[in-house]
Structure formats: C-alpha cells, structure tokens
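Data block below; observations after.
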C-alpha cells in the first residue's frame, strides 16, 4: 500500500502565472507533478511545500473531495471547518451555488491599523462537477490572498501607499506614534504620507521634492539626494536618532539593493525594512533568490504589487 502523495496548491497573482511556474520549477517541482486549475492555481503533487514569493496564497494538504450534489459539497466543507473562500474564474454556476450554502465570511475592507483576520480560512475550488479541491490551511487569512483596504481618497498623492499598508499587515504590526522612519525614494510621498498618518517622524529621501501637501505634514522632513548615497548617520541626525523603520520604494535594478540593505540593516538595533523589488522585462529569479536568502528576509508578492515583489525584515 502506498501513501497518498502530499498535494499543495499555489495561487498566482493575475498575469504572473509564468513567474510562479518558473519559481516552482527552480525549486525542483517536476513538470509531471504540476497541473494548472482555472489558469491561476498551480496544483503540485509530491514535493513538500515551498515558500513561493509569486503565490498570493498557498493551500496546504489539499484534499480531493468527491461530491454527489451541491448540498453534499457544502456539507463536506462545513464538516471540516466554518470559514471557506472559493476560487472560481467566474461567479455563479455550480460553484456559486455551493458558496451560497456555506457560512458568510466577512470581506470588509481593513481600516488603517486593523490587523489581518485571526480566524482560519480554508480555500476550495470546483475541479469537476463531481469533484472539489479543498485545503483547510492556507498561507493567507484573506480570500484568495486579496487584501481589501479602505480607499483613502483625501491626502495621499498616489495609490502607492496601499503597498506599504499591506506590507504592515503582512508583518503583523504597524509603526506607531513617535517612531522614527526613513522613506527612501519617497517622491511624491505616498509612503511618507502613510507613515505620517500613523504618527511617525519621517525623513523622506529623494532627489525630487515631495508633494507640498505631504511636505507640510507634522513630523515630515525632506532630504534631497539619492537613496543609495544617503548616510544613515545623517538620517539619524535629522530624525534625532536612528530610524526603527526603513521603507524603500525606489526604482532601480534589483541587484543594486544588496548594498543599500546591508548599510541599513547593519545599524544597531537593526530597523524593520519594507523594500519594493521592482522587476523589468524578464524576471531575474537569480537575484530574487539571493534577496530571499538574506538572513531574516521574507520575499512576497503583495496583492497591491504589480511586476514587483516586496522584501520584508522585521526588527
């Protein structure tokens, strides 16, 4: 008698299925162990799970559930746990009828400062009319890894603040009043604005000035210069002490980030870091693999990222 192989599923961000496929193959997933469901869900049989940066959500210990009816599918899911999120490429149909019979899961947008939901959330999809794939445990507490945020229409000069907000949710903590932060590559100031809303003292570093409305906020200062040339000691002098947060959304080739990160992470105590890894053309997996291997690093594709990843270091 052979053991049932372990099955893991990885949900790619829309439009980045190729990046996820390449990442899985680089991690040792053989072509015959991988199949795609509804275009975006990569189902892997056999190898243990990997920490896939290009997955919005990872489904662990996936089960194949034969079903006899819509009611039977809903019953089998409810028998396992209360909270489920369905993945389907289009609403309605048989999958929609199953979803209607499951307990409601609140998908209300987070207010600034809200933590991620604490309740476990399983994921499921209808593979065939008589077969459901389901996982009680997933990497994301949000349906399909999609993090809903309240739209802040008054104040931010761009929508880039949403990436930083989601990064704080992923870290499980937010900066608080009185903390010092540096925002590298800050102009026009979306990240600086968000840090100021959270009560931080912020020094924004960029060759270009901040949006005037951001520049005038209490606790905000601007240092003209390059994110790669600024001296951490000079930042500390301006802020009245070393920053506990380093936030970086600078546009650059990813391999330039190594020296920048080393300079800031060498401070004592080391600050928490949120750093966007912007990718151009063909994704350079060699560089992203090196970044994720840095001690204490976590590399992830946030829901509000585009062709970029976010590198996180907690302090």
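The values are calculated or read from the model by the stated rules, or taken from the named source; none is laboratory data. None of these values were measured; they are calculated from a predicted model. Please note: Cβ atoms are built from the backbone with ideal geometry, for glycine as well, and neighbour counts cover all protein chains shown.
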Qualifying residue in the range 166-176 (condition: closer than 15 Å to residue 274 by Cα, touching a residue at least 40 places away in the same chain (Cβ under 8 Å), touching a helix residue (DSSP H, G or I) at 6+ places or on another chain (Cβ under 7 Å) and in the same structural domain as residue 243 (by TED's automatic domain parsing)): yes
Residue match in the range 125-143 (condition: without any contact (Cβ under 8 Å) to a residue 12 or more places away in the chain, outside the structural domain of residue 303 (by TED's automatic domain parsing) and either closer than 23 Å to residue 191 by Cβ or buried (at least 21 other Cβ atoms within 10 Å of the Cβ) (or both)): no
Of all residues making up the range 22-39, the number that are more than 17 Å from residue 287 (Cα to Cα) and without any contact (Cβ under 8 Å) to a residue 40 or more places away in the chain: 9
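Which is part of a loop (DSSP other than H, G, I, E, B), closer than 19 Å to residue 127 by Cβ, over 19 Å from the mean Cα position of the chain (by Cα) and modelled with pLDDT of 95 or more, of 4, 68? Before you say what the answer is, go through the steps one by one.
Details: 4 fails: modelled with pLDDT of 95 or more.
Sole residue among the options that is part of a loop (DSSP other than H, G, I, E, B), closer than 19 Å to residue 127 by Cβ, over 19 Å from the mean Cα position of the chain (by Cα) and modelled with pLDDT of 95 or more: 68.
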From 29, 44, residue being outside any loop (DSSP other than H, G, I, E, B), in the same structural domain as residue 141 (by TED's automatic domain parsing), over 18 Å from the mean Cα position of the chain (by Cα) and surrounded by 14 or more Cβ atoms within 10 Å (Cβ to Cβ): 44
Selection status of residue 117, farther than 17 Å from residue 61 by Cα and either outside any strand (DSSP E or B) or outside the structural domain of residue 167 (by TED's automatic domain parsing) (or both): yes
